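Enquirer: Take this structure, written in structure tokens, and hold onto it; I'll ask about it next.
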Amino acid sequence: GLAFQILTALPLGAQVDVDPSEDEPGRIVFKNINGLGRAALKAVAAGDYGMLKPLTAYGLEQREWVIMGNEFLERIEAKAKADLKNAKGEEADDIRRKVARMKEQFNDNKVDEAMKRVQSKEKEYGEAFNKLKDKGKAMGIDWARVLFKQMDNSRVKTRGPAEQGDLYVIFSSGKKFYHLKLDHCLHSSRLGWLIGPGSLELGEGMPADH
């Protein structure tokens with residue numbers, strides 16, 4: 001959930017273009033998972049957390065959390081409106097109660113709380129990232145010679161108001177395949193694909209092998 005924390009706080013191989021956000025020219029919006037995966041792999045290979053952060057929940061500003069929260073709330077309200085057309089009595093009342101509860105949870109204070117919860121994990125996230133390159137070397141990865149192959153989005157589902165789930169970057173080094181797990185990614189129509197707050201993980205072979 002936000003859909004990283006906003007909602008939890010609440011009771012393929014082709015190169016693609018990335019578009020700068022209209023709101024903030026310096027921000028990259030990844031419309032496609034391939035662009036996100038390539039950028040994440042490049043950041044890990046470079047050992048550069050500054051390159052990775054803008055791709056993640058940790059790179060969001062307060063106003064962007066609000067933008068995302070409003071987007072998801074609009075989707076929830078639209079679905080409720082459609083459901084109410086066929087609902088009667090207690091079922092209709094239950095739908096209205098759920099929407100009212102969501103509206104309460106998406107107020108500015110709750111969004112700030114969700115943002116702070118995510119930000120409180122950043123030190124641990126950064127420390128884990130700094131160890132990732134050495135872990136890869138121990139697996140036999142030559143970071144100067146990695147080749148992006150494809151993305152695995154089989155764990156991504158539409159849950160609540162957003163597409164979300166783990167993404168895997170499949171890449172090769174030498175004659176071996178490896179994968180980089182991007183934790184609990186999330187798609188926003190305004191902000192594009194973002195990586196969730198859990199640490200990145202490296203593995204040998206294909207994700208299905210694990």
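Enquirer: Sticking with the crude label model, points 7 Å out along Cα→Cβ, report the distance from Thr158 to Leu84 in nm, one decimal please.
Expert: Between Thr158 and Leu84, the simple spin-label model gives 2.1 nm.
Enquirer: Using 0.36 nm per residue of separation minus the Cα-Cα distance, give me the extension gain between Phe177 and Glu77 in nm, one decimal. Intermediate results must be reported in sequence, preceding the final value.
Expert: Details: separation 100, 0.36 × 100 = 36.00 nm, distance 4.36 nm.
Here the segment from Phe177 to Glu77 would lengthen by 31.6 nm.
Enquirer: Ranked from highest to lowest mean number of other Cβ atoms within 10 Å per residue, what is the order of the peptides 35-46, 91-102?
Expert: Details: 35-46: 21.2, 91-102: 13.6.
Top of the packing list down: 35-46, 91-102.
Enquirer: Determine the share of the range 46-135's accessible area contributed by carbon and sulfur atoms, expressed in whole percent, with a 1.4 angstrom probe. Present the calculation step by step, with values, prior to reporting the outcome.
Expert: On the way: 2630 of 5550 Å².
Roughly 47 percent, rounded to a whole number.
Enquirer: If contacts are Cα pairs under 8 angstrom and at least 6 residues apart, what is the relative contact order of the range 142-210 in percent? Please list the in-between numbers first.
Expert: Values: 137 pairs, mean separation 17.7, N = 69.
For the range 142-210, the relative contact order is 26 percent.
Enquirer: Report relative contact order for the range 76-169 in percent, whole number only (criteria: Cα-Cα under 8 Å, sequence separation at least 6). Could you put the intermediate results ahead of the total?
Expert: Working: 41 pairs, mean separation 16.1, N = 94.
So the answer I get is 17 percent.
Enquirer: Could you do me a favour and compute the accessible area per residue for the range 62-202, 1.4 Å probe, result in Å²? Walk me through the numbers on the way to the answer.
Expert: Values: 7890 Å² over 141 residues.
Spelled out: the 1.4 Å probe surface of the range 62-202, per residue, equals 56 Å².
Enquirer: Rounded to the nearest 0.05, what FRET efficiency do Lys137 and Ala208 have when you use their Cβ-Cβ distance and R0 = 35 Å? The partial results should precede the final answer.
Expert: Details: r = 24 Å, r/R0 = 0.70.
That pair, Lys137 with Ala208, gives E of 0.90.
The values are calculated or read from the model by the stated rules, or taken from the named source; none is laboratory data. These numbers come from a predicted model, not from an experiment. As a convention, Cβ positions derive from the backbone with ideal geometry for all residues, glycine included, and neighbour counts pool all protein chains shown. For the accessible areas, the whole protein counts, side chains as well, though only heavy atoms, and no ligand, DNA or RNA atoms are used. Shrake-Rupley method; radii C 1.70, N 1.55, O 1.52, S 1.80 Å.
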